Structures are given as structure tokens and as C-alpha cells.
1. So which of VAL53, VAL32 ends up being at pLDDT 95 or above, β-branched (Val, Ile, Thr) and within 14 Å of the chain's Cα centre (by Cα)?
2. Give just the number: which of (1) touching a Gly at 6+ places or on another chain (Cβ under 6 Å); (2) modelled with pLDDT of 90 or more; (3) open to solvent by 60 Å² or more (accessible area, probe 1.4 Å) does MET83 not satisfy?
3. Report the residue count in the range 4-30 for those that are open to solvent by 70 Å² or more (accessible area, probe 1.4 Å) and touching a residue at least 60 places away in the same chain (Cβ under 8 Å).
Amino acid sequence: AQEALTNVAKHASATVVSALVEVVDDEMFVLVRDRGRGFDLSGQSGERGRGLVDSIQGRMRQQGGLADIRSETGSGTEVELRMPAGA
């Protein structure tokens, strides 16, 4: 969640950002949404654009969680994180 918010601050040029954090039953859920510049997810290769893959999706996988990232150029980005409670 911290990395997603850091990315918004550094890259999104967003004026509206929302974050939702919930713990329901045995799962933690985080949704970070901005209405910033967004980006093309298919261009995530090489040295640029690896932050989401390595620092968010990779970290979530290492801890038994999932990260779903949705973005569209000009329309903002949503980062949805799910982690078993107690992980």
C-alpha cells in the first residue's frame, strides 16, 4: 500500500487519490485509486516501469498475497491488494 501511494505521489500527477483498507474475516484488502495520468501496463519491461511488478506484485506474492493493477493512460490507476490476515 505504501509503495502504491508513493507511486501516485511521484508519477501520477493526480489531484484526487483515495485509499480503502479493510480487514474482513481472514483477508486484508487495500485499494488505492488515483485519477492521474495513468500508464500503459503492456509497456512494463526493461529498466523503466518495473516498480509495480517488482516492488508491489513481487512482494505481495512473496507473502502469499495478490496484487491486481489496472491502469489506462489518461484515466488513472487502481492497485488492489489482497493478503490473508496474519500473513
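The values are calculated or read from the model by the stated rules, or taken from the named source; none is laboratory data. This is a predicted model, so every value here is computed, not measured. Here Cβ is always computed from backbone atoms with ideal geometry, including for glycine, and neighbour counts include all displayed protein chains. All accessible areas refer to the heavy atoms of the entire protein, side chains included, with ligands and DNA or RNA removed. Shrake-Rupley method; radii C 1.70, N 1.55, O 1.52, S 1.80 Å.
1. After ruling out the rest, the residue left standing is VAL32.
2. (3)
3. Within the range 4-30, residues that are open to solvent by 70 Å² or more (accessible area, probe 1.4 Å) and touching a residue at least 60 places away in the same chain (Cβ under 8 Å) number 3.
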